[in-house]
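What follows is one structure encoded as structure tokens, with my remarks underneath.
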Amino acid sequence: MNGNKPTIVSGITTTGQLTLGNYIGAIKNFIDLQKDNNLIIFVANLHAITIPIGKEELQGNIKNMIALYYACGLDPNKAIIYVQSDVLELTQLSHILLCNTTVGELSRMTQFKDKSIKMKAENGTEFIPTGLLTYPTLMAADILLYDADLVPVGKDQKQHIELTRNIAERMNNRYQQNVFKIPNDFIPTIGGKIMDLQNPTKKMSKSSNDPKSFIGLLDTPDLVHKKIRAAITDSDGKIAYDPDKKPGISNLLTIYAVLKNITIEAAVKTFTNSDYGQLKTELATTISASLEPIQTKYHQLIKDDTIDQLIAAGAEKARYLANKKLTEIKNIIGLNYKRK
Ligand code: TRP
């Protein structure tokens with residue numbers, strides 16, 4: 001950790017395998033950000049259990065996911081990547097924050113309201129785990145534990161960052177000192193939003209039930225070609241960028257441009273005289289070429305216990321920082337019994 005660089009904290013949820021959408025929309029940004037920022041990334045498995053989830057599903061993807069992050073180019077010497085449940089300090093801070101948060105604030109969170117309505121509708125009962133209500137304070141602990149400056153999040157999480165700021169400010173006032181740094185949210189602008197291949201007005205999602213709708217980072221070249229060939233376009237036959245009228249083709253052009261590191265205009269130019277078939281073949285080849293080095297690296301990491309070592313080392317670094325900060329906080333609020 002370098003005190004002169006901004007600290008960025010980001011949590012990722014564990015459902016499904018990582019997609020090309022995650023790579024272009026998030027991971028590629030992280031690779032750029034790790035140069036000039038302290039980057040702290042974790043797999044949010046404690047958040048995953050706020051709604052009922054099976055053991056296999058909870059354990060399943062963590063290792064593969066972290067291996068893929070490293071395979072995409074995150075550097076263990078620059079970024080800290082860990083599994084949330086490995087940092088025990090987190091839940092103690094979460095309790096402290098809960099004691100400075102009101103029931104009203106938590107029950108007003110939009111995501112809590114949405115998720116609890118959905119749970120009622122699904123099982124016909126009113127079984128709402130309290131962990132779902134306190135989800136945002138756990139998230140606040142994730143952020144405040146590392147003195148984060150910036151938190152890259154989607155729109156749906158902005159309200160949780162706002163709450164994090166409120167709790168932090170409240171405690172700073174209450175204890176009359178800077179217990180916490182006040183974090184800001186930011187929506188990363190580089191990269192791009194990649195859409196579902198079968199329904200290009202929807203974001204590409206790893207939790208989709210239709211495997212044809214996304215490219216997995218571990219998809220073989222053959223599978224990539226099949227999925228791109230099956231991607232929904234339109235019957236107009238002209239290659240142009242127009243996300244409203246031609247969402248399918250525009251999405252394919254975006255993917256091509258990002259992976260080739262060129263502008264959308266340049267991508268459109270490349271295909272002026274091509275038909276949809278040619279665009280798709282060229283795109284599928286480009287995607288496979290981009291995935292190949294990632295997959296090679298991934299298989300190296302997963303083949304022996306390299307990934308386990310990386311995960312353990314990440315946890316150790318995170319715990320070191322977390323412990324230092326938590327001790328400071330406990331001293332400030334009086335949760336230390338040694339009197340000086
Ligand atoms: N709630 C976030 C999401 O659903 C994941 C998350 C958990 C997170 N803790 C975080 C994101 C802390 C940023 C910072 O995407």
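The values are calculated or read from the model by the stated rules, or taken from the named source; none is laboratory data. Please read all numbers here as calculations on a predicted model, not as lab measurements. Here the Cβ is made from the backbone with ideal geometry for all residues, glycine too, and neighbour counts use every protein chain on show. Ligands, DNA and RNA are excluded from the accessible area calculation, which covers all protein heavy atoms including side chains. Shrake-Rupley method; radii C 1.70, N 1.55, O 1.52, S 1.80 Å.
General observations
- Count of the stretch 81-125 residues which are among the polar types (S, T, N, Q) and either under 30 Å from GLN309 (Cα atoms) or within 16 Å of the ligand (Cβ to nearest atom) (or both): 9
- Filter pass, LEU163 being open to solvent by less than 30 Å² (accessible area, probe 1.4 Å), over 17 Å from the mean Cα position of the chain (by Cα) and within 11 Å of the ligand (Cβ to nearest atom): no
- The helices (runs of 4 or more DSSP H) located wholly in the stretch 1-79 that include 3 or more residues which are out of contact with any Leu (no Cβ under 6 Å at 6 or more places or on another chain) and more than 14 Å from the ligand (Cβ to nearest atom) occupy 28-36, 55-60, 62-72.
- Within the stretch 207-227, tally of residues that are touching a strand residue (DSSP E or B) at 6+ places or on another chain (Cβ under 7 Å) and either open to solvent by 40 Å² or more (accessible area, probe 1.4 Å) or under 18 Å from SER250 (Cβ atoms) (or both): 2
- Among the residues of the stretch 49-68, those that are over 20 Å from ILE80 (Cβ atoms) and either open to solvent by less than 20 Å² (accessible area, probe 1.4 Å) or among the hydrophobic types (A, V, I, L, M, F, W, C) (or both) comprise ILE49, THR50, ILE51, ILE53, LEU58.
- Condition check for ALA230: surrounded by fewer than 18 Cβ atoms within 10 Å (Cβ to Cβ), touching a helix residue (DSSP H, G or I) at 6+ places or on another chain (Cβ under 7 Å) and more than 27 Å from GLU57 (Cα to Cα): yes
- Residues that are open to solvent by 30 Å² or more (accessible area, probe 1.4 Å) and assigned to a helix (DSSP H, G or I), drawn from the stretch 132-157: LEU133, LYS155, ASP156
- Some residue of the stretch 240-247 being at pLDDT 95 or above, closer than 12 Å to LEU197 by Cα, assigned to a helix (DSSP H, G or I) and over 24 Å from the mean Cα position of the chain (by Cα): yes
- Count of the stretch 15-46 residues which are open to solvent by less than 10 Å² (accessible area, probe 1.4 Å) and either over 22 Å from LEU259 (Cα atoms) or without any contact (Cβ under 8 Å) to a residue 40 or more places away in the chain (or both): 6
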